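The values are calculated or read from the model by the stated rules, or taken from the named source; none is laboratory data. Computed from a prediction, not measured in an experiment: that's the story for all the values here. Cβ coordinates were reconstructed from backbone atoms using ideal geometry, including for glycine residues, and neighbour counts include every protein chain displayed.
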């Protein structure tokens with residue numbers, strides 16, 4: 001399918017599932033009226049030829065559970081609109097250009113004043129507790145990961161590979177009780193925490209007890225490998 005997407009779609013008041021992936025819309029922006037499809041629970045716009053700014057109107061989709069924007073020529077200027085996606089469980093934004101996101105007080109408040117560049121801290125906020133899978137690979141994320149990463153307590157899958165994330169990985173990742181996949185390949189992460197923060201709500205008192213895949217190859221890893229990694233026999237690729 002190609003051509004123009006018309007606002008007549010808004011007449012479909014009960015529309016809950018919209019999949020436009022792998023179409024050829026020939027470099028048109030994502031229509032703003034998509035944010036008026038109030039009952040949408042699933043929206044897939046991946047590999048469809050969309051370009052330009054992701055409309056913040058998508059933040060009006062309070063029932064949306066799955067959003068896939070993969071492999072389009074898209075960018076964002078801020079991520080405040082994501083906070084409106086209160087039902088979101090699955091988000092794919094790999095390939096989205098985040099380099100224009102500017103640092104704001106809103107970001108600093110969410111990141112507990114870590115003096116971060118904006119890009120990383122905006123993704124790990126309160127209100128994202130229901131997200132189960134998050135893929136932000138190849139998205140030009142930079143700066144250190146904030147400790148608020150530990151807020152995403154429902155995460156099972158986290159892919160942050162091929163970005164410019166730097167600094168110490170926060171010990172709060174130990175609060176992600178259900179995490180079984182973590183990919184930090186090709187970053188500048190530096191060091192792993194010696195100890196992990198756990199929470200009493202986990203079925204096991206051992207942090208990251210469900211983690212089965214952990215990749216951190218080519219991430220400029222320095223220092224000793226902590227005991228919590230060695231004890232679980234995680235696969236960590238050769239670091240530069």
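The table that follows gives values for the structure above.
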item	result
Residue check, residue 145 outside any loop (DSSP other than H, G, I, E, B) and within 15 Å of the chain's Cα centre (by Cα)	no
Of all residues making up region 43-62, the number that are out of contact with any helix residue (DSSP H, G or I) (no Cβ under 7 Å at 6 or more places or on another chain) and surrounded by fewer than 16 Cβ atoms within 10 Å (Cβ to Cβ)	3
Test: residue in region 218-230 that is within 18 Å of residue 120 (Cβ to Cβ), modelled with pLDDT under 75 and over 20 Å from the mean Cα position of the chain (by Cα)	no
So residue 195, is it outside the structural domain of residue 69 (by TED's automatic domain parsing), modelled with pLDDT under 90 and in a strand (DSSP E or B)	no
Condition check for residue 119: modelled with pLDDT under 85 and either surrounded by fewer than 21 Cβ atoms within 10 Å (Cβ to Cβ) or part of a loop (DSSP other than H, G, I, E, B) (or both)	no
